[in-house]
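**Student:** Below is a structure I'd like to ask you about.
The values are calculated or read from the model by the stated rules, or taken from the named source; none is laboratory data. Just so you know, these numbers come straight off a predicted model, no measurement behind them. Methodologically, a virtual Cβ is constructed for each residue, glycine included, from the backbone with ideal geometry; neighbour enumeration extends over all protein chains shown. The protein model used for the area step is the full one, side chains on, heavy atoms only, and it has no ligands, DNA or RNA in it. Shrake-Rupley method; radii C 1.70, N 1.55, O 1.52, S 1.80 Å.
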Amino acid sequence: MNKEEILKRSRNENKAGDEREKSLEQRSSQNAYIAIMGVFLLLAIIAFLQEIITGSAFIDSRICSLVFVVGIAGRFTTSYIYNKDKTSLFISLGAIGLSCLYIIRLIWS
């Protein structure tokens, strides 16, 4: 096999991107997810405390809580689909149920 054949085969194998690029993309997505979830959790806590202390908040804590719980549901549902871990299934089902309750509560209020 000559050099050109080896390079051509290597390019064909790496058409979807090399492992380093895939790993960096996965890490950046994970970091973004963690940052977004942290912001929504922090906003929910601040809004909840602000409602208790002052009687009103700058944002509805239920909406921030809903977004946080939906994120948890998505994360653990994905984990269950790929790993078939029963703990992930139970957390996922609980988060989905809690999300439904938040939505119903928001609609009725």
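**Student:** Can you name the residue in region 29-70 that is among the aromatic types (F, W, Y) and open to solvent by less than 80 Å² (accessible area, probe 1.4 Å) and, of all such residues, is nearest to L98 (Cα to Cα)?
**Tutor:** So the residue we want is F68.
**Student:** Right, here's the next one. Cβ contacts < 7 Å: first residue closer than 16 Å to M37 by Cβ and of a type in the set (V, I, T), restricted to region 69-95; second residue open to solvent by less than 100 Å² (accessible area, probe 1.4 Å) and modelled with pLDDT of 90 or more, any location; separation 6+ or different chain. Result?
**Tutor:** Filtered contacts from region 69-95: V69/A95; V69/L98; V69/S99; V69/Y102; V70/S99; I72/A95; T77/S92; I91/F76.
**Student:** Now, a different point. Where in region 1-95 are there helices (runs of 4 or more DSSP H), lying fully within it, with 3 or more residues that are of a type outside the set (A, V, I, L, M, F, W, C) and modelled with pLDDT of 90 or more?
**Tutor:** Correct list: 19-54, 61-83.
**Student:** Just wondering, is there one or more residues in region 98-109 that are modelled with pLDDT of 90 or more, of a type in the set (F, W, Y) and either open to solvent by less than 80 Å² (accessible area, probe 1.4 Å) or assigned to a loop (DSSP other than H, G, I, E, B) (or both)?
**Tutor:** There is at least one residue in region 98-109 that is modelled with pLDDT of 90 or more, of a type in the set (F, W, Y) and either open to solvent by less than 80 Å² (accessible area, probe 1.4 Å) or assigned to a loop (DSSP other than H, G, I, E, B) (or both).
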